[in-house]
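Here the structure is laid out as structure tokens; the discussion comes afterwards.
Computed from the coordinates by the stated procedures, all read-outs in this text should not be read as laboratory data. Remember, predicted model here, so these are calculated numbers, not experimental data. Neighbour counts are summed over all protein chains in view; Cβ atoms, including those assigned to glycine, are modelled from backbone coordinates with ideal geometry.
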Amino acid sequence: MGARILAIALNTYREAVRARVLHALLALALATSVYSLVVATLSLHGETRVVADLGAASISLYSALVAIVMGATSLYREIEHKTIFPILTRALRRHEYLLGKYVGTIATLAVFVAIDGGVVLALLALEAGQSVAYTIGALVVLLAILALSLVRARYHRVFVLMPWAVVFFAVMAWLAAPAGPERQLVVASASLTVCEVAIVVAIATLFSSFSSPALTAVFTLGVFLVGRSADTLANLPVHMFGQALRDIGQAMAHVFPNLQIYVPPRPLLLGEVSGTSLPGFVASAAVHAVFYSGALLVCAALAFRRRDFQ
């Protein structure tokens, strides 16, 4: 079972990495991160904060967009090209196929977050006063290693990015040490983003198991927006909206996943909230993501099992 799921996951990752929309969104995310340097010049003694805040926000925003797009189109593309039929005629159960697609999409998003986060940390290192020679030198060495690996791994080039992206993120985080708490903010935000997109992809997988790509994208975006507004919906003022709307808002806040957990206030990410441990908060957020993702995938598997492809 594990080998079959892994095979589907690797194939999904291979197809996703080659998608032009992913390249476009990654380029846009990197451009936004670089633009933070321009905005930072307008700040007075707060350059590192501007780079960290804008970088963390861009990681979260573009990762969510990629999760919605990939989650809405990945399964439908297999159905449209009719490549799903020979796959499901083999000794492969539908829930295994669905889980493999999900794991492959999460792997793609993890690489996306690592690359974008690594660029943000590199920019943060430069703003914090890290040696330009060290930073540029590390980038050149890492890019040279990537180029060499792509040449040598002739038949498995797309998979080279997975370990390289992790190493790139780790090296840039090490170089960004002079940024202090701002580095912690970016690293924690990137970790929480991976947890959030795990839920978003699970939502998209559920809708795509019985709906079209357009409706899947709309429904997923709607759930995402509600999830990001969960705390607001749960505390609607009665004197403005009435008791009925307040009750509806509280019900929605309890049913929909609270995605505001993954975009906590800046003081919490900096570890300045007394009585709250940042590693403990990230761990509890990860457990929350696993719970909701698992429940959504079970529902998606049940719906996909009943789907008629005729």
> For the chain, what is the mean residue ellipticity at 222 nm derived from helices alone (per DSSP H run of n ≥ 4: -39500 (n - 2.57); sum divided by total residues; nearest 500 deg cm²/dmol)?
Replying inline: -27500 deg cm²/dmol
> Assigning unit charges at the beta carbon (Lys, Arg +1; Asp, Glu -1) and nothing else, what dipole magnitude in debye, to the nearest 20, does the chain show about its Cα centre?
Replying inline: 1260 debye
>> With log10 I(q)/I(0) by the Debye sum over Cα atoms at q = 0.12, 0.16 Å⁻¹ as the read-out, I listed (i) -0.78, -1.39; (ii) -0.87, -1.34; (iii) -1.01, -1.32; which label goes with the value calculated from this structure?
In response: (ii)
> Taking the Cα centre of each part, how many Å lie between the stretch 1-78 and the stretch 146-201?
Replying inline: 11 Å
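With r as the distance between the Cβ atoms of PHE241 and HIS23 and R0 = 45 Å, compute the FRET efficiency 1/(1 + (r/R0)^6) and round to 0.05.
According to the calculation, E is roughly 0.55.
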> GNM on the chain, C-alpha springs below 10 Å: top fluctuator among MET172, MET162, MET240?
Replying inline: MET240
> With the chain treated as a Gaussian network of Cα nodes joined by springs under 10 Å, which of VAL201, VAL160, VAL238 yields the largest mean-square fluctuation?
Replying inline: VAL238
>> Order 288-296, 146-154 from most to least packed using the mean count of other Cβ atoms within 10 Å.
In response: 288-296, 146-154
> Is the stretch 171-310 rounded, prolate or oblate when judged by the Cα gyration tensor, a ≥ b ≥ c being the square roots of its eigenvalues, rounded requiring a/c under 1.5 and prolate requiring a/b larger than b/c?
Replying inline: oblate
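Taking 0.36 nm per residue of separation and subtracting the Cα-Cα distance, what length does fully extending LEU30 through VAL167 add?
That works out to 47.5 nm of additional length.
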> What residues qualify as long-range amide H neighbours of SER209, i.e. H under 5 Å apart, gap of 5 or more or another chain, H built at 1.01 Å from N?
Replying inline: none
>> Below 8 Å, C-alpha to C-alpha, sequence gap of six or more: please give me the relative contact order for the stretch 2-305 in percent.
In response: 23 percent
